[in-house]
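A short worksheet on the structure shown next.
The values are calculated or read from the model by the stated rules, or taken from the named source; none is laboratory data. Because the structure is predicted, anything quoted here is derived from the model rather than measured. Cβ placement follows ideal geometry from the backbone for every residue including glycine, while neighbour counts extend to all protein chains displayed.
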Amino acid sequence: MRVLVTGERGFVGSYLVKYLKESSDEVFGFGSVDLRDQEKTEEVVIRVKPEVIYHLGGISFVPDAERNFKETLDVNVLGTEHIAKACSKLSHPPTFVLASSGEVYGKVKTVPISEETRPKPANNYSLSKLFAEEVVRKKSREGIVRGVILRLFNHIGPGQREDFVVANFTAQLKSGRKEMKVGNLSAKRDFSDVRDVVRAYRLAAEQGSGTYNIGSGESYSIQEILDKLIQISAREIEVVQDPSRMRGPEVPEIKADIAKAKRDLGWNPEFSIDETLSFVWG
Ligand code: GDD
């Protein structure tokens, strides 16, 4: 397969590129092209003539999107439109796999969350992801791409930006400082392993159509995750709540229903939370 990956130098992108190459795909990236630049984006799509596009590039840290909604819309929504629109110049509509987010569901009342749940974005980041999904759905209806949408829940592994919770706690524990700063520890989130996630991407491109939740199907409180990391580190540390890390009202529990991905894609997460946290620790 000739495949084009956006965000190929990012955390998940670099694992995905490695996995696709191991699976004998011919992999191309966007390099330093800014997705906001419509002309340059189109040039790459036309030059590569991909059979599959994995669109991972964009703003992925929720607080970044809160601080700058315009830039988030430009990158996450218009960037998606630029790539998808360029596909109208190809002789055959490529499969377009969009990295969306479990965040689109917003403040859900019941878990696990299935794809049937109506999205109710609760922040700028999830709004931008839902708009990006709509762009892909529209281009699919127009026959320009064959869209597949992955709603990814939290995923972790070595190399993730230290702003994200597990990477951040790991870095603090490794720093040797006696005290570590944390935000809201009561929220429960669904964490999966980046190695499981990249398999889901390729299976989705091969066999998927429509929208899939990609998560572990389990949830852990941030407190439980912190306790596990402290145990792995074998360090004694004082945990201090830092008000600047609190995000205001948060969804108390997020847990994905992954039955559809299991059924349609034959995908199953293979790594337990303990194996994944050990992988992160290194
Ligand atoms: N970052 C951070 N730092 N988060 C903390 C901290 C801290 O010190 N303490 C507690 N938390 C809590 C946050 O309040 C949040 O409830 C949870 O840990 C996870 O935060 P993040 O790792 O920043 O991820 P996220 O849930 O906001 O977003 C991630 O998951 C989405 C899918 O569910 C990102 O990977 C998104 O790109 C992704 O779409």
Tell me the residue from 241, 231, 223, 207 that is free of Cβ contacts under 8 Å to residues at least 60 places away in the same chain, farther than 18 Å from residue 256 by Cα and within 10 Å of the ligand (Cβ to nearest atom), please. 223
Do we have residue 266 as away from the ligand (no atom under 15 Å from the Cβ) and either in contact with a helix residue (DSSP H, G or I) (Cβ under 8 Å, 6 or more places away or on another chain) or more than 20 Å from residue 23 (Cβ to Cβ) (or both) here? yes
One residue is enough: does segment 109-121 have a residue meeting the conditions more than 22 Å from residue 217 (Cβ to Cβ) and crowded, with 18+ Cβ neighbours inside 10 Å? yes
Going by what's in this entry, would residue 140 be described as within 15 Å of the ligand (Cβ to nearest atom) and either farther than 18 Å from residue 220 by Cα or touching a residue at least 40 places away in the same chain (Cβ under 8 Å) (or both)? no
Between 193, 264, which is at pLDDT 95 or above and either surrounded by fewer than 18 Cβ atoms within 10 Å (Cβ to Cβ) or hydrophobic (A, V, I, L, M, F, W, C) (or both)? 264
Are any residues in segment 249-261 in a loop (DSSP other than H, G, I, E, B), modelled with pLDDT under 95 and more than 9 Å from the ligand (Cβ to nearest atom), and if so, which ones? 249, 252
So residue 148 fits all but one of (1) in contact (Cβ under 8 Å) with a residue 60 or more places away in the chain; (2) away from the ligand (no atom under 15 Å from the Cβ); (3) out of contact with any strand residue (DSSP E or B) (no Cβ under 8 Å at 6 or more places or on another chain); what number is the exception? (3)
Residue satisfying condition, being closer than 17 Å to residue 208 by Cβ and in a loop (DSSP other than H, G, I, E, B), within set 116, 133: 116
Residues of segment 83-113 satisfying the condition of being closer than 24 Å to residue 198 by Cα, more than 17 Å from the chain's Cα centre (by Cα) and more than 14 Å from the ligand (Cβ to nearest atom): 83, 84, 87, 93, 94, 95
From the option list 46, 59, 53, single residue qualifying as without any contact (Cβ under 8 Å) to a residue 60 or more places away in the chain and either out of contact with any His (no Cβ under 9 Å at 6 or more places or on another chain) or part of a loop (DSSP other than H, G, I, E, B) (or both) is 46
Are any of the residues in segment 59-76 modelled with pLDDT under 95, within 12 Å of the ligand (Cβ to nearest atom), over 27 Å from residue 20 (Cα atoms) and not hydrophobic (A, V, I, L, M, F, W, C)? yes
Quick one: which residue in 95, 72, 80 is in contact (Cβ under 8 Å) with a residue 40 or more places away in the chain, of a type in the set (Val, Ile, Thr) and touching a His at 6+ places or on another chain (Cβ under 7 Å)? 80
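Table: residues versus (1) closer than 19 Å to residue 200 by Cα; (2) at pLDDT below 95; (3) of a type in the set (Gly, Ala, Ser).
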residue	(1), (2), (3)
98	yes, no, no
106	no, yes, yes
127	no, no, no
140	no, no, yes
144	no, no, no
I'm trying to understand the selection: among the residues of segment 220-248, which are surrounded by 14 or more Cβ atoms within 10 Å (Cβ to Cβ) and in a strand (DSSP E or B)? 220, 221, 239
Subset of segment 156-197 that is touching a Phe, Trp or Tyr at 6+ places or on another chain (Cβ under 7 Å) and closer than 19 Å to residue 260 by Cβ - its residue that is nearest to the ligand (Cβ to nearest atom): 190
